[in-house]
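Asker: Okay, handing you the structure first.
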Amino acid sequence: MFRSRVATLGVAALVLAACGGNGTATQQKKSELTLYNDKGAWTKFFDEMGALSKQQIGLGMKPTGYTDSAQYQAFIKASFRTNVKPDLFTWQTGGMLEEIVKQKQVAETTAVWQEAIKAGDLSQDLAPYYTIGGKQYCVPMNVAYWGMFYNKKVFDKYRLAPPQTWDELIKVADTLKRNGVKAFYHTSVLFSFVWFEQLMAGTDPDLYDRLATGKAKYTDPGVVQVMERWKSMIDAGYFINPGDKTDPGDVLKNGKAAMVSFGTWFNTSMTQRNMKAGADYGFFVIPNVNAALPKTSMIFESGPLCSLTKAADPDASMKYLKWWTTAEAQEKWATSRGDVSANPKVTIQDEALGAVTKDAGGGKYRLVNRYFEATPPPVLTAALDGFGKFVTEPGSYKEVLETIQKAADEYWSTHQ
C-alpha cells in the first residue's frame, strides 16, 4: 500500500540519518515547515492551513500524514535520535506526552499559553491537559467532545428521536433491531475502548477517574458490572460485526449502523461525504446509564500540536504554534472540517456541535478525559488488546479484566 511504502521510506531515511549524524539538528531559517501527523485523511485541511499561514505570517507548512497510528508513533520516536526531524508533529496528551517531555524532546510553550489565555484565544480550563511539571508543552491541535452521530434518515423512517435517557436509547436500539437494523458501530482495533469509556463514565465517573490513576482495580465489582452491561448489549445484537473493515463514516452514511459514537472530529467524515447536518445526520449527547448522577458525563479529548526541543528552526516552529492558536487560524481550521475549536472566539457553524461546545464550556457536563489519554501507555496497550478480544468473544470479559489489571499492577508498582 502507498501508506506503508511512505512510512517505510520515512523510517529508512531516519535510520540512514542516524548512521551518518550525531543526532543534533543544524540551525537554519525556514520559510516552510513540515507537519507530521497521524491524520492522513485530513491532508487537504492541513494543506489549506499551510496556504493560510504563508499568507498571514509568511511561513508555509507542508503536511505528511499517516493513517497507521503505530507506524506514526515509531516514526516520531525514531526522529528523536536522528537529524531528520519534523518541525511540527501531532501527538496525544496524558501519559504519551508526559513520556516524551520527560525525555526532553518537546519544546516548552508556556509563554505561548500565557499570551493566548490573556488574549482570549485559549481557555485556562485546557491548560492542565498540557501541563507537566508546572510548564506547558505543545498547543491544542484540536478539541473534541464525544457523543452519538446518527443517521437521520434511518431515525425518520422508524419515527425515532434522539434519546434523553439511557432507557430511551435502549428502546431506540430495540426498535432498530426489530426492523433488521444494527443500532451501533464498534470495532476490535484501536477504538475498541469507546464503549468501555462511555459505559464507565456514564455509570460511575469517579470510578473511571480512579482507574486512570491506579486507585481502583479493573477487577472491582463496579468495573465488572459495566463489562456485563456491555456484554448484554452485544448479546442483544445491537452492534455490527466488530471485525467489519468498512470506514465508520461509510457505515453511518449507508445505514449499516444507525449510530456511531465518536468525538466531534468525526463531523469531518460527514463533511467529506457531502452529508448535511440536520438532513442526513445528527448528533446527540449520550445519556448517562446512571440517571442519579448530578451531571451528564461527556468524554473529552484534546490533541496536541508540538515542536521538538531540537527543531531545525525553533523560532519558526514557535511562531507557527502561536499563530495556530489565533482566531484567524482557528476559524479556518474549524470551519473547513465542520468541527469545533479550542479557541473560544470561534463561532461553530454546525448548530448541534455549537450547542454542545457552549454547554460544555459553561459547565453543563462533567467532562471526562478520553480513555486513550487518561490511561498510562502500558496499561492502554493491554486494554486495547483486551477490549478487542472482548468484542469478538464477549464471554471472556473476566479474563480480559484480569489481564488488564495485571498490566496496571505492574505499572502502578513503580509509578505511584
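The values are calculated or read from the model by the stated rules, or taken from the named source; none is laboratory data. Since the structure is predicted, the reported quantities are computational estimates derived from the model, not experimental observations. Cβ coordinates were reconstructed from backbone atoms using ideal geometry, including for glycine residues, and neighbour counts include every protein chain displayed. When the accessible area is computed, the model is the full protein with side chains, heavy atoms only, and any ligands, DNA or RNA have been set aside. Shrake-Rupley method; radii C 1.70, N 1.55, O 1.52, S 1.80 Å.
Asker: Is it the case that P304 is in contact (Cβ under 8 Å) with a residue 60 or more places away in the chain, under 30 Å from L199 (Cα atoms) and part of a loop (DSSP other than H, G, I, E, B)?
Answerer: In short, no.
Asker: Also, quick follow-up: Out of (1) open to solvent by less than 10 Å² (accessible area, probe 1.4 Å); (2) over 30 Å from A292 (Cβ atoms), what's the single condition that is false for V101?
Answerer: V101 satisfies all of (1) open to solvent by less than 10 Å² (accessible area, probe 1.4 Å); (2) over 30 Å from A292 (Cβ atoms) except (1).
Asker: Shifting gears a bit: Among the helices (runs of 4 or more DSSP H) contained in segment 56-120, which hold 2 or more residues that are under 22 Å from the mean Cα position of the chain (by Cα)?
Answerer: 69-79, 95-102
Asker: Find the residue count for segment 344-375, including only residues that are open to solvent by less than 30 Å² (accessible area, probe 1.4 Å), assigned to a helix (DSSP H, G or I) and acidic (D, E).
Answerer: Residues in segment 344-375 being open to solvent by less than 30 Å² (accessible area, probe 1.4 Å), assigned to a helix (DSSP H, G or I) and acidic (D, E): 1 in total.
Asker: Can you name the condition, by its number, that Q114 falls short on among (1) buried (at least 21 other Cβ atoms within 10 Å of the Cβ); (2) of a type in the set (S, T, N, Q); (3) free of Cβ contacts under 8 Å to residues at least 60 places away in the same chain?
Answerer: (1)
Asker: A follow-up question, please. Within segment 189-201, can one find any residue that is modelled with pLDDT of 95 or more, open to solvent by less than 20 Å² (accessible area, probe 1.4 Å) and not in a helix (DSSP H, G or I)?
Answerer: Looking through segment 189-201, none of the residues is modelled with pLDDT of 95 or more, open to solvent by less than 20 Å² (accessible area, probe 1.4 Å) and not in a helix (DSSP H, G or I).
Asker: Any idea how many residues of segment 368-381 are farther than 22 Å from D204 by Cα and without any contact (Cβ under 8 Å) to a residue 40 or more places away in the chain?
Answerer: The qualifying residues number 2.
Asker: So K310 ticks every box in (1) in a loop (DSSP other than H, G, I, E, B); (2) over 27 Å from T203 (Cα atoms); (3) open to solvent by 50 Å² or more (accessible area, probe 1.4 Å); (4) without any contact (Cβ under 8 Å) to a residue 60 or more places away in the chain but one. Which box is left unticked?
Answerer: (4)
Asker: With the requirement that a residue be in a helix (DSSP H, G or I), more than 17 Å from C306 (Cβ to Cβ) and not polar (S, T, N, Q), what does segment 29-49 give you?
Answerer: Once the filter is applied, which keeps residues that are in a helix (DSSP H, G or I), more than 17 Å from C306 (Cβ to Cβ) and not polar (S, T, N, Q), segment 29-49 yields G40, A41, K44, F45, D47, E48.
Asker: Here are some residues: M275, M298. Which one is over 21 Å from the mean Cα position of the chain (by Cα) and either assigned to a strand (DSSP E or B) or surrounded by fewer than 22 Cβ atoms within 10 Å (Cβ to Cβ) (or both)?
Answerer: From the options M275, M298, the qualifying one is M275.
Asker: Mind listing whichever residues of segment 376-411 are touching a His at 6+ places or on another chain (Cβ under 8 Å) and either over 15 Å from V226 (Cα atoms) or surrounded by fewer than 17 Cβ atoms within 10 Å (Cβ to Cβ) (or both)?
Answerer: Residue satisfying the conditions is P376 alone.
Asker: Starting from segment 228-250, take each residue that is open to solvent by less than 40 Å² (accessible area, probe 1.4 Å) and list its partners that are small (G, A, S) and in a helix (DSSP H, G or I), counting only C-beta distances under 8 angstrom and pairs at least six apart or across chains.
Answerer: As it stands, the answer is M233/A173; A236/A173; Y238/A173; P242/S192; P242/G388; P248/S269; G249/S269, since those pairs meet every condition given.
Asker: Considering only residues of segment 313-333 that are of a type in the set (A, V, I, L, M, F, W, C) and either open to solvent by 50 Å² or more (accessible area, probe 1.4 Å) or over 18 Å from G120 (Cα atoms) (or both), which is farthest from the chain's Cα centre (by Cα)?
Answerer: A316
Asker: Mind checking whether some residue in segment 7-16 is at pLDDT below 65 and in contact with a strand residue (DSSP E or B) (Cβ under 8 Å, 6 or more places away or on another chain)?
Answerer: There is at least one residue in segment 7-16 that is at pLDDT below 65 and in contact with a strand residue (DSSP E or B) (Cβ under 8 Å, 6 or more places away or on another chain).
Asker: Another question, if that's okay. Could you list all residues from segment 129-176 that are of a type in the set (S, T, N, Q), in contact (Cβ under 8 Å) with a residue 24 or more places away in the chain, farther than 30 Å from L321 by Cβ and open to solvent by 20 Å² or more (accessible area, probe 1.4 Å)?
Answerer: Within segment 129-176, Q164, T165 meet the criteria.
Asker: Scan segment 177-188 and report the pairs whose first residue is at pLDDT 95 or above and open to solvent by 30 Å² or more (accessible area, probe 1.4 Å) and whose second residue is assigned to a loop (DSSP other than H, G, I, E, B) and of a type in the set (A, V, I, L, M), with Cβ atoms within less than 7 Å and a gap of 6+ or a chain change.
Answerer: Here the result reads K182/I240, each pair linking segment 177-188 to a residue that is assigned to a loop (DSSP other than H, G, I, E, B) and of a type in the set (A, V, I, L, M).
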